[in-house]
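Reading through the structure tokens given below for one structure.
The values are calculated or read from the model by the stated rules, or taken from the named source; none is laboratory data. Because the structure is predicted, anything quoted here is derived from the model rather than measured. Don't worry about glycine lacking a Cβ; one is built from the backbone with ideal geometry, like all the others, and counts go over all protein chains shown. Accessible surface is based on the protein model in full, side chains and every heavy atom, while ligands, DNA and RNA are left aside. Shrake-Rupley method; radii C 1.70, N 1.55, O 1.52, S 1.80 Å.
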Amino acid sequence: RQLLFASGQKLSSQRAQETERLLRGRDYLNDAWVVPTRYDAAANVVDLSVTVRDVWTLNPGVSFSRSGGENSSGFEIEEKNLLGRGIETSIGRSRDVDRTSTIFEWYDPNVLGSWWQLDLDYLDNSDGEVIAAAVQRPFYALDTRAAYGVSGYDGTSLVSRYDRGVIVDQFAQDAKRAQVYVGRSPGLRDGWTQRWFAGWRYEDTRFERRPDLALQPA
């Protein structure tokens, strides 16, 4: 489903080479080859062999550090090829001097076998939460003629200001962002491609001082 050609279509060496580059760009593949194995001159048909080499995709991780008298720790489990469908997902938990976070991420580069991409992120923090989502159909190949995308972000947090390692003030932050874009291209022409983008972006970040949380240096 991630090949730039299908059975019965007209094939060019450029498209076969670009397919190799596309597959090599996947985190769960180490290498990829697209090579012809048979050519029928009478029928003008070529058989291709697509070979890929995958990598180990389940990545558990644990971290711990200490700086300035404070400990930071975390753990994460990441899978880069869920159920063999190229989906990247991870879940983890981290703790540092500012907050404790539970993190969930989901990225599908080929939703239902299409060229649409879905990216979801959720952070449940001790001082707020972050929700982010993006759906897009990018210029996935040099000859792609159109691209579309929409994304949104909503996050709250508590920001601390320090003086010589001591919290002296805190304020709440509420950030919202949204973006929509479209792209157009005439496609691949003489080895070159041109792309034009138009879009709309909204960004609103509000800060609120918390007198009830304001602190004075010790």
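Restricting attention to the range 99-144, the residues that are part of a loop (DSSP other than H, G, I, E, B), hydroxyl-bearing (Ser, Thr, Tyr) and either at pLDDT 95 or above or more than 17 Å from the chain's Cα centre (by Cα) (or both) add up to 2. The residues on offer are 121, 54, 98, and the sole one that is among the charged types (D, E, K, R) and in contact with a Leu (Cβ under 7 Å, 6 or more places away or on another chain) is 54.
Looking at the structure I just gave you, is residue 18 among the acidic types (Asp, Glu) and either open to solvent by 60 Å² or more (accessible area, probe 1.4 Å) or in contact with a Ser or Thr (Cβ under 7 Å, 6 or more places away or on another chain) (or both)? Reasoning before the result, please.
On the way: among the acidic types (Asp, Glu): yes; either open to solvent by 60 Å² or more (accessible area, probe 1.4 Å) or in contact with a Ser or Thr (Cβ under 7 Å, 6 or more places away or on another chain) (or both): no.
Against the criterion (among the acidic types (Asp, Glu) and either open to solvent by 60 Å² or more (accessible area, probe 1.4 Å) or in contact with a Ser or Thr (Cβ under 7 Å, 6 or more places away or on another chain) (or both)), residue 18 does not qualify.
Pairs linking a residue in the range 66-86 that is more than 30 Å from residue 166 (Cα to Cα) and open to solvent by less than 60 Å² (accessible area, probe 1.4 Å) to a residue that is hydroxyl-bearing (Ser, Thr, Tyr) and outside any strand (DSSP E or B), with Cβ atoms under 7 Å and 6 or more positions apart or on different chains, are 79/57; 80/28; 80/57; 81/28; 81/57; 86/28. Residue 162 meets the conditions (1) touching a Phe, Trp or Tyr at 6+ places or on another chain (Cβ under 8 Å); (2) loosely packed, with under 15 Cβ neighbours inside 10 Å; (3) farther than 30 Å from residue 4 by Cβ; (4) free of Cβ contacts under 8 Å to residues at least 24 places away in the same chain in every case but one. The failed one is (1). For residue 122, are the conditions met, namely being more than 30 Å from residue 187 (Cα to Cα), free of Cβ contacts under 8 Å to residues at least 40 places away in the same chain and of a type in the set (Ser, Thr, Tyr)? Answer is yes for this residue.
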